Amino acid sequence: MKIKSHSMLFAALAVGAAMAVPAYAAKDVVFAVASQFTTTDPYDANDTLSQAMAKSFYEGLFGFDKDMKVIPVLAESYTASKDGLVYTIKLKKGIKFHDGTDFKADAVKANLDRVTNPENKLKRYGLYNNNIAKTEAVDDSTARITLKTPFSAFINQLAHPSTVMISPTALAKYGNKDIAFNPVGTGPFKFVEWKQTDYLKVAKNENYWQKGLPKVDSITWKPVIDSNSRAAVMQTGEAQFTYPLPYEQAETLKAKADLDVVAAPSIILRYLSMNTQQKPFDNPKVRQAIAYAINKEAVAKIAFSGYATPADGIVPEGVEYSVKIGVMPYDVAKAKQLLTEAGYPNGFETELWSGYNHSIAQKLTQVLQQQLQQIGIRTKITLLEAGQRVEKVESWQDPATAPVRLYYIGWSSSTGEADWAIRPLLASDSWPPKLFNTAYYKSDKVDGDIKSALLTTDKTEKAKFYKDAQESIYKDAPWVPLVTEKLLSAKSKRLSGVYTMPDGSFDIINVDLK
Amino acid sequence: MLQYIVRRLLGLIPTLLIVAVLVFMFVHLLPGDPARLAAGPDATPATVALVRQDLGLDKPLPEQFIRFATGVLRGDFGRSLRTKRPVSTEIAERFMPTMWLTVAAMAWSVLIGMAIGTLSAVWRNRWPDRVGMTLAVSGISFPAFALGMLLMQIFAVQLNWLPTVGADTWRHYILPSVTLGAAVAAIMARFTRSSFVEILQDDYIRTARAKGLPETVVVVKHGLRNALIPVVTMMGLQFGFLLGGSIVVEVVFNWPGMGRLLIDAVDMRDYPVIQGLVLLFSVEFILINLIVDVLYAVINPTIRYR
């Protein structure tokens, strides 16, 4: 590690580590991340990063492992009633919150009651209030949650990093808002301080219930906004891990002897949606023509510098119940033929919007524009800034007049399950402004499949419904699935046990520093 | 003089009121629903409605403005939509880092800029002038983000002499203040030079020389003082700009200042923070102009205010 004796806080800590006797060395890790944290309260956060950071001090009843498989964390086991309405959850015993109080079923009740109470005005209120009817503490180690309607993805929702167990004592002490500045959980690290402009620091929880963990003494989460600067702090050793790493920095950092560049698989799907309620996209042949006209390999290579793979279905691999259907082939002749059959032998003019305005989206839309040009479709590109995106796409009130045509956007199913990968994007009751069906796609078959899948708790049944839904969607082509992104991160060779998870969150529980 | 200052300060009030109205209207005319943005990608319509209510955005515009205006009078700028902390706290935390960076950048750039300008004027059209003005033109033309990245790459990454990001010790100030001050130093050099060149041809300089004063006294005592007036004006203006927080420099060096706060706020449609910052910037400019006017009188005693 190359560090001069600078007196920056983190460098000083690292230098301290280097000078102490190795066996007793303080292990302090710095993570350089891309944006500021909005809050430490996962029920009030809507960004993956804040929730990922909060995993240092909070844990849920369930969680995801680094491959997004659901694992029990504070829960021991669960049973669901036959009708899929009542979930009885057995809790682990002997776990304490950082404030010394015991983790018991009353914590489950306190946390879920808090988020389902509209008076608390939490950002994730809707997600919970939609399905939870009531939560009861049966005894100290048993919680019972009753749903309003059967929702078979419920355990995945409990595994999502937003469903965490906050100490009820701390909640009562600090109140609904100030808990965000005084987080008290059961996690491997205790909250130390949050200097909003600079960093958030957590320190080892000596009494952590998983023996032998955590292996480092502290983690400093440091937002470094500019991506070049993030690469620079990795090179100087001021940080040991950074995500996301811009593609153009990958080669430089790969060349460094003390750094590893890691490209991890993700469940982030990038796609092009077509407004199926508007001419000419109401004609399936036009949509298929567009799908054939786009070379997904080229998109992955040019826009993502190769750090993406052509999408081979509607739901990306890694999401539960996803089906691999195959990459939509690139065939210009066939595309032209389909367009002629549809009555547009000379193509047409249309709008191509992007929901992002960063440089990747810029390159990507240009590639799409060129490829669509080949079959005579002339597009006008607009990269929407966040505010415009909300106004013109996400909160457009009247579906009949929606101005969106071709629209480039992406999604990752935060519950790691097919329901949240399909329903918000393709169910007919998810048209904007409700959710994000920007294709204004409506298929009774798909709607039926989504509904049936939620009603059954039988896994093979569910898989069948979701397979059917994905295949129908693929055939109807309301989208052109483009690519599945890879997540590029860089880490010091001395660091181990940190993983970017497929949804862009982090798995840090095993973090260690040599 | 005192009367003048008090009068100017009173004149602040209508200006600020107009600024407040303009800012409020402008910010609310931006496209995009802040409640939708704040609620995030997973949010359901019920959640968005809840967020809107929480942020007070469901009230009619005039009511929102009255709430904003009365709040400001009581020193309450509202709460950030993003972090839910008071806007005054958000801004206060970031004010000093920007302030110190500005002072550091101004200090060296004014000194160097004036030195180069003076030398260039004294040796007009000879090699010190050529070198000085070449430097100045480069300083103006070189974009700050490129300079910042270049300096960081050389001094932090390659040589490992200085830290890359943050604002903890004096060493952290070196690279950002050089980056920030480069353009200012260049402007200062050019202003000083042109102002000096004019003055060196004035009668009283000839008189001073005719008296047999050494050239350094002529230049420093008689020339510099009189050349300062336009330079001070420019200084004030630049100071005002820098105090707004240089977005580019603060982003590149991860400086915890107001420039970064502003882009974050615009990105998230954080109305209260944008309003607070713009109001603050307006006050800063007005105050700096006032200070500059007062400085004129100090530099040139023939200037009187009534």
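The values are calculated or read from the model by the stated rules, or taken from the named source; none is laboratory data. Keep in mind that what you see is a predicted model, and the values were worked out from it rather than measured. Reconstructed Cβ throughout: ideal geometry from the backbone, glycine too, with neighbour counts over all protein chains shown.
A few remarks follow.
- Residue pairs whose Cβ atoms lie under 6 Å apart, separated by 6 or more positions or on different chains, with the first residue in the range A:209-225 and touching a residue at least 24 places away in the same chain (Cβ under 8 Å) and more than 16 Å from A:Gln196 (Cα to Cα) and the second surrounded by fewer than 23 Cβ atoms within 10 Å (Cβ to Cβ) and β-branched (Val, Ile, Thr), are A:Trp209/A:Ile95.
- Residues in the range B:155-177 include at least one that is in contact (Cβ under 8 Å) with a residue 12 or more places away in the chain and away from chain A (no Cβ under 14 Å).
- If the condition is being over 10 Å from the mean Cα position of the chain (by Cα) and under 25 Å from B:Asp270 (Cα atoms), then the range B:91-100 contributes B:Ile91, B:Ala92, B:Glu93, B:Arg94, B:Phe95, B:Met96, B:Pro97.
- Of all residues in the range B:262-280, those that are more than 27 Å from B:Ile13 (Cβ to Cβ) and modelled with pLDDT of 80 or more have Cβ atoms under 9 Å from Cβ atoms of residues that are of a type in the set (D, E, K, R) and not in a helix (DSSP H, G or I), 6 or more apart or on another chain, in B:Asp264/B:Arg82; B:Asp264/B:Asp270.
Yes/no matrix, rows are residues, columns are (1) without any contact (Cβ under 8 Å) to a residue 12 or more places away in the chain; (2) outside the structural domain of A:Pro310 (by TED's automatic domain parsing); (3) in a helix (DSSP H, G or I); (4) buried (at least 19 other Cβ atoms within 10 Å of the Cβ):
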residue: A:Ala400; (1), (2), (3), (4): no, no, yes, no
residue: A:Ala421; (1), (2), (3), (4): no, no, yes, yes
residue: A:Leu425; (1), (2), (3), (4): no, no, yes, yes
residue: A:Ala439; (1), (2), (3), (4): no, no, no, yes
residue: A:Gly448; (1), (2), (3), (4): yes, no, yes, no
residue: A:Thr460; (1), (2), (3), (4): yes, no, yes, no
residue: A:Asp468; (1), (2), (3), (4): no, no, yes, no
residue: A:Glu471; (1), (2), (3), (4): no, no, yes, no
residue: A:Lys475; (1), (2), (3), (4): yes, no, yes, no
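- When residues of the range A:402-419 are limited to those that are among the small types (Gly, Ala, Ser) and closer than 19 Å to A:Gln470 by Cβ, the one surrounded by the fewest Cβ atoms within 10 Å (Cβ to Cβ): A:Gly410
- The range B:9-43, residues that are crowded, with 16+ Cβ neighbours inside 10 Å, at pLDDT below 80 and either in a helix (DSSP H, G or I) or away from every other protein chain (no Cβ under 14 Å) (or both): B:Val27, B:Pro34, B:Ala35, B:Arg36, B:Leu37, B:Ala38, B:Ala39
- Restricting the range B:225-246 to residues that are of a type in the set (A, V, I, L, M) and surrounded by 18 or more Cβ atoms within 10 Å (Cβ to Cβ) leaves a set whose member that is farthest from the other protein chains (Cβ to nearest Cβ) is B:Ala227.
- The set of residues from the range A:164-187 being assigned to a loop (DSSP other than H, G, I, E, B) and more than 14 Å from chain B (Cβ to nearest Cβ) comprises A:Val164, A:Met165, A:Ile166, A:Ser167, A:Pro183, A:Val184, A:Gly185, A:Thr186, A:Gly187.
- Qualifying residues in the range A:207-225 (those that are part of a strand (DSSP E or B) and of a type outside the set (A, V, I, L, M, F, W, C)) - the one farthest from A:Phe189 (Cα to Cα): A:Pro223
- Selection within the range B:53-85 - within 29 Å of A:Tyr199 (Cα to Cα), of a type outside the set (Asp, Glu) and within 12 Å of another protein chain (Cβ to nearest Cβ): B:Leu55, B:Arg79, B:Ser80, B:Leu81, B:Arg82, B:Thr83, B:Lys84, B:Arg85
- Hits in the range B:224-253 (condition: hydrophobic (A, V, I, L, M, F, W, C), in contact with an Asp or Glu (Cβ under 9 Å, 6 or more places away or on another chain) and farther than 15 Å from B:Thr118 by Cβ): B:Phe239, B:Leu243, B:Val251, B:Val252, B:Phe253
- Residues in the range A:299-325 that are over 13 Å from A:Pro265 (Cβ atoms) and among the polar types (S, T, N, Q): A:Ser305 only.
- Filtered residue count, the range A:188-246, keeping only those that are aromatic (Phe, Trp, Tyr) and within 14 Å of chain B (Cβ to nearest Cβ): 3
- Of all residues in the range A:102-135 being within 10 Å of another protein chain (Cβ to nearest Cβ) and charged (D, E, K, R), the one that is farthest from the chain's Cα centre (by Cα): A:Glu119
- Taken over the range B:75-87, residues that are modelled with pLDDT of 85 or more and either surrounded by 18 or more Cβ atoms within 10 Å (Cβ to Cβ) or out of contact with any Gly (no Cβ under 9 Å at 6 or more places or on another chain) (or both) amount to 1.
- Screening A:Ala143 with (1) small (Gly, Ala, Ser); (2) at pLDDT 90 or above; (3) not in a strand (DSSP E or B) gives one miss only, at (3).
- Scanning the range A:402-419 for residues that are over 20 Å from A:Ala153 (Cβ atoms) and either assigned to a strand (DSSP E or B) or in contact with a Pro (Cβ under 6 Å, 6 or more places away or on another chain) (or both) yields a count of 5.
- Residue ID - modelled with the highest pLDDT, chosen from residues in the range A:112-140 that are assigned to a loop (DSSP other than H, G, I, E, B) and within 22 Å of A:Pro72 (Cβ to Cβ): A:Asp140
- Hits in the range A:247-266 - residues which are within 14 Å of chain B (Cβ to nearest Cβ) and in a strand (DSSP E or B): A:Leu259
- Qualifying residue in the range B:200-217 (condition: in contact with a helix residue (DSSP H, G or I) (Cβ under 9 Å, 6 or more places away or on another chain), in contact (Cβ under 8 Å) with a residue 24 or more places away in the chain and surrounded by 15 or more Cβ atoms within 10 Å (Cβ to Cβ)): yes
- Of the numbered criteria (1) of a type in the set (A, V, I, L, M, F, W, C); (2) within 8 Å of chain A (Cβ to nearest Cβ); (3) crowded, with 22+ Cβ neighbours inside 10 Å; (4) in a helix (DSSP H, G or I), the one B:Ala46 fails is (3).
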